[in-house]
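Visitor: Take this structure first; my questions come after.
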Amino acid sequence: MKRRPIAALVSLLLLGSASVRLLAGPETTKQIDQRLFQELRWRSIGPFRGGRVLAVTGVRGQPETYYFGAVGGGVWKTNDAGRTWKPIFDAQPVASIGAIAVAPSDANVIFVGSGEADMR
């Protein structure tokens, strides 16, 4: 029996807060001082000419080590969480990478599947 008055009170509070929002009017957009951004410049933070990425993997226990396989640019590795990337597949005759995985038994072994599974 005590639940009904509590439920009614909660309903009344919810309706009241909704009506206050409706009556408050539209929110105004905050103006941001553009001078805060005047020194910022666009820059490439990924590997140059790596291309579209289709496969990505990390190394368990090494939170800053990742690999990615580019559709037209081989396999790339970072040891610093993506700040710098190095190509590690340039000596191979195939550039298109569709899959990549690190062996669970040895983080120095990488499995790479060539070709693109995402054909147009």
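Visitor: What part of the accessible area of region 70-120, given as a whole %, is carbon or sulfur when the probe is 1.4 angstrom?
Guide: 53 percent
Visitor: When Lys and Arg each count +1 and Asp and Glu each count -1, what net charge do the other residues less than 12 Å away from Tyr66, Cβ to Cβ, add up to?
Guide: Combined, the nearby Lys, Arg, Asp and Glu give +2.
Visitor: Another question, if that's okay. How much length, in nm to one decimal, is gained on full extension between Arg35 and Ala107, taken as 0.36 nm per residue of separation minus their Cα-Cα distance?
Guide: Result for the pair: 21.3 nm of gain on full extension.
The values are calculated or read from the model by the stated rules, or taken from the named source; none is laboratory data. Remember, predicted model here, so these are calculated numbers, not experimental data. In this analysis, Cβ positions are derived from the backbone assuming ideal geometry, glycine residues included, and neighbour counts consider all displayed protein chains. Just the protein is used for accessible areas: all its heavy atoms, side chains included, with ligands, DNA and RNA removed. Shrake-Rupley method; radii C 1.70, N 1.55, O 1.52, S 1.80 Å.
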